[in-house]
Amino acid sequence: MINILSRMIRTGILSEEVPQAPKEDSTLGGLQQNLRKVLGRALCIRHVDAGSCNGCELEIEALNNPYYNIEGVGIKFVASPRHADLLLVTGPVSVNMEEALKRTFDAVPDPKIVIAVGDCGACGGIFGKTYASRGAIADVIPVNHSVKGCPPTPTAILQAILQTIQPTTT
């Protein structure tokens, strides 16, 4: 015990310097201002999994990590479609999810913005239209924008969100 204490006294405190806060990116600040100007608050997104393999969901969840930090920009996910400004839908629409997707779309207040994520959402992917799948999301509800990729990167998803709301911000 004495050996350990004497070694601690000889060594002293070993710690790294406190990291400096990164300088705020002007594009993120401008985006926040545009969002507040258009919406008066944060952009609220409701995510619906219409029958995907969860590859797209993993990429959507990556948007919430500290690297992308979409909540810091003013974009957040909500649990209720009644609070949503944008509907983010993944996967081909399965027969069992068709009615739920239509009800969710109807519950989103106007103006309704829908983004289809992934190849399955955009065109039905490898599943297409079968006895168990209705195919693309656009075959069930109107879609404003589609993000290609299997799965698309978080950057591609974020770019699609920004491109979809950009016409309303000018």
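The values are calculated or read from the model by the stated rules, or taken from the named source; none is laboratory data. In this text the structure is predicted, and so the values were computed from the model without any measurement. Ideal geometry is used to build each Cβ from the backbone, glycine not excepted, and the neighbour counts take in all protein chains shown.
Considering the stretch 1-99, the qualifying helices (runs of 4 or more DSSP H), each wholly inside and each with 3 or more residues that are at pLDDT below 85 and more than 18 Å from ALA160 (Cβ to Cβ), run over 2-11, 26-39. Quick check: is even one residue across the stretch 103-115 closer than 14 Å to LEU158 by Cα, at pLDDT 85 or above and under 17 Å from the mean Cα position of the chain (by Cα)? Yes, the stretch 103-115 contains a residue that is closer than 14 Å to LEU158 by Cα, at pLDDT 85 or above and under 17 Å from the mean Cα position of the chain (by Cα).
For (1) over 19 Å from the mean Cα position of the chain (by Cα); (2) farther than 15 Å from GLY55 by Cα; (3) without any contact (Cβ under 8 Å) to a residue 40 or more places away in the chain; (4) buried (at least 18 other Cβ atoms within 10 Å of the Cβ), each residue gets a yes or a no:
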site	(1), (2), (3), (4)
GLY125	yes, no, yes, yes
VAL140	yes, yes, no, yes
LYS148	no, no, yes, no
PRO152	no, no, no, yes
ILE157	no, no, no, yes
LEU162	no, yes, no, no
ILE165	no, yes, no, yes
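Filtered by the rule that a residue be of a type in the set (Val, Ile, Thr) and farther than 12 Å from HIS83 by Cα, the stretch 95-123 gives VAL95, ILE113, VAL114, ILE115, VAL117.
Residues in the stretch 129-147 that are within 18 Å of LEU87 (Cβ to Cβ) and part of a loop (DSSP other than H, G, I, E, B): ARG134, GLY135, ALA136, VAL140, ILE141, PRO142, VAL143, ASN144. Looking only at the stretch 107-115, decide whether some residue is surrounded by 19 or more Cβ atoms within 10 Å (Cβ to Cβ), in contact (Cβ under 8 Å) with a residue 12 or more places away in the chain, touching a His at 6+ places or on another chain (Cβ under 6 Å) and outside any loop (DSSP other than H, G, I, E, B). Yes, the stretch 107-115 contains a residue that is surrounded by 19 or more Cβ atoms within 10 Å (Cβ to Cβ), in contact (Cβ under 8 Å) with a residue 12 or more places away in the chain, touching a His at 6+ places or on another chain (Cβ under 6 Å) and outside any loop (DSSP other than H, G, I, E, B).
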